[in-house]
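Everything below concerns the one structure shown next.
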Amino acid sequence: LAKTTQPISMDSYEGQEVNITCSHNNIATNDYITWYQQFPSQGPRFIIQGYKTKVTNEVASLFIPADRKSSTLSLPRVSLSDTAVYYCLVGDRKAGGTSYGKLTFGQGTILTVHP
Amino acid sequence: GAVVSQHPSRVICKSGTSVKIECRSLDFQATTMFWYRQFPKQSLMLMATSNEGSKATYEQGVEKDKFLINHASLTLSTLTVTSAHPEDSSFYICSATPTGPAYYEQYFGPGTRLTVT
């Protein structure tokens, strides 16, 4: 499984856009990039997943350059409730109907949003 | 979205006793569930992969005789911490993915806080 590197922590203010970058130099051809959010004493929650270029959903955008060696999670106009740990994971999204493969969590990025 | 529950949410037990934690997929079936452990201010560490109807697969360094996993149905997996010791105190989290080609997202339970005194 490809190893990921993220900043340990980031600070932002309400209303700002936050970009968290993750490095995954050894990403394999079959690997997808997935981001999870975790609040204290809760299980992680899926945010977004992508393979290349840009993916956008109702809560975030994911930018992946052509070489796929890094990715950037973009959170538009953060609020205090976005204070959490954000994990970038890289792994094979199995096709064919079988369950998604096991996940390896890195250290994550502690995002603190200030008033 | 799919919901995964865990029970209990919090448990305190005495050293030497065993504790069972349940993980249920409430509105979907899951052939495979995963168990993680998370110590304070640390990331999640995968302990084992629970497969319905077969033996669990444990990660390196995880004692299978200490952490017993049973996946008796497509909606229930249990983790039993046997002869618990204070160093087993941790946050235990399970996850599951709905069976089927359209699903790739893992859904996590709310976690179980285990404190061994």
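The values are calculated or read from the model by the stated rules, or taken from the named source; none is laboratory data. Source: prediction; values computed, not measured. When we count neighbours, we look across all protein chains shown, and the Cβ atoms used for this are built from the backbone with ideal geometry, even at glycine. Quick note on the areas: whole protein, heavy atoms, side chains included, nothing else; ligands and nucleic acids left out. Shrake-Rupley method; radii C 1.70, N 1.55, O 1.52, S 1.80 Å.
Is it the case that B:Thr117 is open to solvent by 50 Å² or more (accessible area, probe 1.4 Å), away from every other protein chain (no Cβ under 11 Å) and farther than 25 Å from A:Gly50 by Cα? Before you say what the answer is, go through the steps one by one.
Working: open to solvent by 50 Å² or more (accessible area, probe 1.4 Å): yes; away from every other protein chain (no Cβ under 11 Å): yes; farther than 25 Å from A:Gly50 by Cα: yes.
Yes; evaluated as a whole, the condition is true for this residue.
Looking at B:Lys64, is it free of Cβ contacts under 8 Å to residues at least 12 places away in the same chain and more than 10 Å from the chain's Cα centre (by Cα)?
no
All but one of (1) more than 9 Å from every other protein chain (Cβ to nearest Cβ); (2) surrounded by 18 or more Cβ atoms within 10 Å (Cβ to Cβ); (3) touching a residue at least 40 places away in the same chain (Cβ under 8 Å) hold for B:Ser18; which doesn't?
(2)
Is it the case that some residue within the range A:93-103 is open to solvent by less than 30 Å² (accessible area, probe 1.4 Å) and in a strand (DSSP E or B)? Break it down into steps so the answer makes sense when it comes.
We begin by selecting, within the range A:93-103, every residue open to solvent by less than 30 Å² (accessible area, probe 1.4 Å); these are A:97, A:99-101, A:103.
From what's left, in a strand (DSSP E or B): none.
Scanning the range A:93-103 turns up no residue that is open to solvent by less than 30 Å² (accessible area, probe 1.4 Å) and in a strand (DSSP E or B).
Open to solvent by 10 Å² or more (accessible area, probe 1.4 Å), under 17 Å from A:Gln42 (Cβ atoms), within 13 Å of another protein chain (Cβ to nearest Cβ) and within 11 Å of the chain's Cα centre (by Cα) - does that describe any residue in the range B:92-107?
No.
Being touching a Pro at 6+ places or on another chain (Cβ under 9 Å) and away from chain B (no Cβ under 13 Å) is the filter here; which residues of the range A:37-60 pass it?
If the condition is that a residue be touching a Pro at 6+ places or on another chain (Cβ under 9 Å) and away from chain B (no Cβ under 13 Å), then A:Lys52, A:Thr53, A:Ala60 are the ones that fit.
Return the only residue of A:Ser41, A:Ser74 being in a loop (DSSP other than H, G, I, E, B), surrounded by fewer than 21 Cβ atoms within 10 Å (Cβ to Cβ) and hydroxyl-bearing (Ser, Thr, Tyr).
After ruling out the rest, the residue left standing is A:Ser41.
Does at least one position in the range A:13-31 carry a residue that is closer than 30 Å to B:Val11 by Cα and open to solvent by 30 Å² or more (accessible area, probe 1.4 Å)?
Checking the range A:13-31: not a single residue is closer than 30 Å to B:Val11 by Cα and open to solvent by 30 Å² or more (accessible area, probe 1.4 Å).
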